[in-house]
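Chemist: Structure incoming, see below.
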Amino acid sequence: MSDLSGAGSTLAFLVAFDRSGGFPFSHLGGFFIEFTPVYFSQDAGFLTGAFEAAQGEIERFVFFYFYTGHRVCSSCLFRSPRFNQTFMSGVPCCKGRETLPETTQNTSRNGARAGAGRNYCCTIPQMRILGIETSCDETGIAIYDSQLGLLANQLHSQARLHEAYGGVVPELASRDHVRRITPLLSAAMDEAGLEPGAVDGVAYTAGPGLIGALLVGAGFGRSLAYAWDVPAVAVHHMEAHLLAVNLEEERPEYPFLALLVSGGHTQLLEIRAAGDYTLLGESLDDAAGEAFDKTAKLLGLGYPGGPRLSALAEHGRAGKYSFPRPMTDRPGLDFSFSGLKTAVALAVKELEDGDEQARADVAHAFVDAVVDSLLIKCARAMKQTGINRLVASGGVSANKQLRERLAGMAAETGGRVFYPRPEFCTDNGAMIAYTGYVKISAGENQPLAFAAYPRWPIS
Ligand code: KG4
Ligand code: ZN
């Protein structure tokens, strides 16, 4: 791997370490180290393998112990030619008056300069943002160029790692992110044909998700941004699912409704503008994806369950089983899927061994019930708000039956449904890179301290 630190020394690296943050994580020219403070004791060791793997190679450690409340504004902190001096000595913020000198501007593969002559506190016309996704069982790294679109999209799925356990094992997920993230970064940079200096910012998923898995991407992303001297932004995973639709040609105009259906969330939102999100309804128990996974397990389909259950359902016959559509007979836009799982469990108990057709019939009835529940609430939300544009995103929106039924509903009501392509419905780095672009171009960036949020409301 090339010297991704871009700092001149292959073994110089950094630990972004915040007094209140509690979890320092480092990037070392291809190696990762964890340093777990005492007060993080209950989770200490969840990345133990990383430290052991790296210790033989360490030549030098550079620790930064960052105090919050320093005098440099977060907008001006990055890209400043006086960054180190400013930060270390606490010289007052430039308050947006400085302009990047020619020598510090980025140069692309074809020699074009990004953001030439711009003031670094202002909106940047062309940007390349690296996005890092590690919230659950996919390691994703992508690079989005605001003018050229996606330059790279690398993904590693941990499906095979977790299959033997019938679901995601958080500890294994964290460790595998550690193993994969650096090679994936190299692969993404190679795919895009970019040198480190050509990336204008780093975005990482900061939540919601598995804490250990999130910390890998957050620590890596924040440290990388520091080493590259570019801004970093913490991205909300569900907001990224929502904005993934903007990676497509067909994008909705504001306002629109969004149905976000993933393994951990089922939410209906009203989107009035970028960042202006109102939660209209959500699942009170299991998420739709969770119901898919649990039902797939009951039917012996293993992990990952959703796509397998969906495929089995295609062989099922309509009308052989009927499962409840919880919460559709009362007002409101919330969902519930745990009762449905119980009804399926009872039906599965009655199945005779080897009756494949009956299993497919159960799968068909289950998918029908989930899709009906989602559709009823979408139609209700459209009526209630008068908005007839709907975005469907998140892993379950890759489901063929759901897409067909939503398209049918839109055709009937004169509305329109927009989706990301299936590989951008499930977890990926591209949606993080794109969301990072939206945030960084709006002037957002994170201080050097970073955090991860297992729970994090989107609105
Ligand atoms: O968005 P996602 O990739 O990860 C989370 O943010 O949770 O969603 C994963 C969920 C899993 O529950 C998976 O079973 C489900 O999406 N899923 C599907 C399909 N593809 C993925 N469910 C039904 N049909 C599919 N084709
Ligand atoms: Zn997701």
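The values are calculated or read from the model by the stated rules, or taken from the named source; none is laboratory data. What you are looking at is a predicted structure, and each value in this text was computed from that prediction instead of being measured. Neighbour counts run over all protein chains shown; Cβ positions are idealised from the backbone, glycine included.
Chemist: Looking at this structure, is Tyr434 within 16 Å of ligand 2 (Cβ to nearest atom), hydroxyl-bearing (Ser, Thr, Tyr) and either modelled with pLDDT under 95 or more than 22 Å from Phe256 (Cα to Cα) (or both)?
Modeler: So Tyr434 does not fit the description; no.
Chemist: Still on this structure, please answer the following. Name the residues in region 300-309 that are crowded, with 23+ Cβ neighbours inside 10 Å and more than 16 Å from ligand 2 (Cβ to nearest atom), would you?
Modeler: The one that is crowded, with 23+ Cβ neighbours inside 10 Å and more than 16 Å from ligand 2 (Cβ to nearest atom): Leu309.
Chemist: Sticking with this structure for a sec: Within region 133-155, how many residues turn out to be more than 16 Å from ligand 2 (Cβ to nearest atom) and either without any contact (Cβ under 8 Å) to a residue 60 or more places away in the chain or in a strand (DSSP E or B) (or both)?
Modeler: 10
Chemist: A further question follows. Give me the pairs: first residue in region 364-386 and more than 21 Å from Gly263 (Cβ to Cβ) and in the same structural domain as Glu314 (by TED's automatic domain parsing), second residue assigned to a helix (DSSP H, G or I) and within 16 Å of ligand 2 (Cβ to nearest atom), beta-carbon distance under 8 Å, and six or more apart or on different chains, which are they?
Modeler: none
Chemist: Please specify each residue of region 425-453 satisfying the condition of being surrounded by fewer than 24 Cβ atoms within 10 Å (Cβ to Cβ) and either under 13 Å from Glu133 (Cα atoms) or acidic (Asp, Glu) (or both).
Modeler: Glu444
Chemist: Another question, then. Any residue at all in region 365-377 that is modelled with pLDDT of 95 or more and within 16 Å of ligand 2 (Cβ to nearest atom)?
Modeler: No, because not a single residue in region 365-377 is modelled with pLDDT of 95 or more and within 16 Å of ligand 2 (Cβ to nearest atom).
Chemist: Does region 265-282 contain any residue that is away from ligand 2 (no atom under 16 Å from the Cβ), among the aliphatic types (A, V, I, L, M), part of a loop (DSSP other than H, G, I, E, B) and free of Cβ contacts under 8 Å to residues at least 40 places away in the same chain?
Modeler: no
Chemist: For Val233, all conditions in the list (1) within 13 Å of ligand 1 (Cβ to nearest atom); (2) not in a loop (DSSP other than H, G, I, E, B) hold save one; what is the number of the exception?
Modeler: All conditions pass for Val233, except number (1).
Chemist: Still on this structure, please answer the following. Out of the residues in region 380-406 that are within 14 Å of ligand 2 (Cβ to nearest atom) and of a type in the set (Ser, Thr, Tyr), which is farthest from the chain's Cα centre (by Cα)?
Modeler: Ranking the candidates gives Ser397 first.
Chemist: Residue under question is Gly319, and the condition is that it be on the phi > 0 side of the Ramachandran plot and either surrounded by fewer than 21 Cβ atoms within 10 Å (Cβ to Cβ) or not small (Gly, Ala, Ser) (or both); does it hold?
Modeler: Against the criterion (on the phi > 0 side of the Ramachandran plot and either surrounded by fewer than 21 Cβ atoms within 10 Å (Cβ to Cβ) or not small (Gly, Ala, Ser) (or both)), Gly319 qualifies.
Chemist: Within the bounds of region 438-447, is there any residue that is under 28 Å from Ser310 (Cβ atoms) and among the hydrophobic types (A, V, I, L, M, F, W, C)?
Modeler: no
Chemist: Okay, next question. Quick one: is Gly332 small (Gly, Ala, Ser), more than 30 Å from the chain's Cα centre (by Cα) and assigned by TED's automatic domain parsing to the domain that holds Ser262?
Modeler: Numbers: small (Gly, Ala, Ser): yes; more than 30 Å from the chain's Cα centre (by Cα): no; assigned by TED's automatic domain parsing to the domain that holds Ser262: yes.
Judged against the criteria, Gly332 is not a match.
Chemist: Report yes if Arg272 is of a type outside the set (A, V, I, L, M, F, W, C), in contact with a Pro (Cβ under 6 Å, 6 or more places away or on another chain) and away from ligand 1 (no atom under 15 Å from the Cβ), otherwise no.
Modeler: So Arg272 fits the description; yes.
Chemist: Any residue at all in region 184-204 that's crowded, with 22+ Cβ neighbours inside 10 Å and within 16 Å of ligand 1 (Cβ to nearest atom)?
Modeler: The answer is yes; a qualifying residue exists.
Chemist: Could you go through region 298-310 and let me know if any residue there is part of a loop (DSSP other than H, G, I, E, B) and more than 16 Å from ligand 1 (Cβ to nearest atom).
Modeler: Checked against the condition, which is being part of a loop (DSSP other than H, G, I, E, B) and more than 16 Å from ligand 1 (Cβ to nearest atom), region 298-310 yields no hits at all.
Chemist: Regarding region 169-182, can at least one residue be identified that is modelled with pLDDT under 95, away from ligand 2 (no atom under 15 Å from the Cβ), on the phi < 0 side of the Ramachandran plot and outside any helix (DSSP H, G or I)?
Modeler: No, there is no match, as no residue in region 169-182 is modelled with pLDDT under 95, away from ligand 2 (no atom under 15 Å from the Cβ), on the phi < 0 side of the Ramachandran plot and outside any helix (DSSP H, G or I).
Chemist: Does region 186-207 include one or more residues that are in contact (Cβ under 8 Å) with a residue 60 or more places away in the chain, assigned to a loop (DSSP other than H, G, I, E, B) and among the β-branched types (Val, Ile, Thr)?
Modeler: For region 186-207, residues in contact (Cβ under 8 Å) with a residue 60 or more places away in the chain, assigned to a loop (DSSP other than H, G, I, E, B) and among the β-branched types (Val, Ile, Thr): present.
Yes or no, residue by residue, for (1) under 29 Å from Val178 (Cα atoms); (2) in the same structural domain as Gln158 (by TED's automatic domain parsing); (3) under 23 Å from the mean Cα position of the chain (by Cα):
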{"site": "Leu260", "(1), (2), (3)": "yes, no, yes"}
{"site": "Ser283", "(1), (2), (3)": "no, no, yes"}
{"site": "Leu299", "(1), (2), (3)": "no, no, no"}
{"site": "Gly302", "(1), (2), (3)": "yes, no, no"}
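Chemist: Next question, about the same structure. I'd like the residue in region 285-297 that is aliphatic (A, V, I, L, M) and within 20 Å of the chain's Cα centre (by Cα) and, out of all such residues, is farthest from His364 (Cα to Cα).
Modeler: Only one residue tops the list, namely Ala287.
Chemist: Go through (1) at pLDDT 95 or above; (2) more than 14 Å from ligand 1 (Cβ to nearest atom) one by one and return the number of the condition Ala240 breaks.
Modeler: (2)
Chemist: Among the candidates Ala291, Ala343, which residue alone is closer than 18 Å to Leu268 by Cα and in a helix (DSSP H, G or I)? Working first, answer last.
Modeler: Numbers: Ala343 fails: closer than 18 Å to Leu268 by Cα.
The unique qualifying residue is Ala291.
Chemist: Return the only residue of Val235, Val216 being within 21 Å of Glu423 (Cα to Cα), of a type in the set (Val, Ile, Thr) and crowded, with 21+ Cβ neighbours inside 10 Å. If you could, list the steps in order and put the result at the bottom.
Modeler: On the way: Val216 fails: within 21 Å of Glu423 (Cα to Cα).
Going through Val235, Val216 in turn, just one is within 21 Å of Glu423 (Cα to Cα), of a type in the set (Val, Ile, Thr) and crowded, with 21+ Cβ neighbours inside 10 Å: Val235.
Chemist: Looking at region 210-226, can you tell me whether even one residue there is farther than 19 Å from His265 by Cα, outside any helix (DSSP H, G or I) and touching a Gly at 6+ places or on another chain (Cβ under 9 Å)?
Modeler: no
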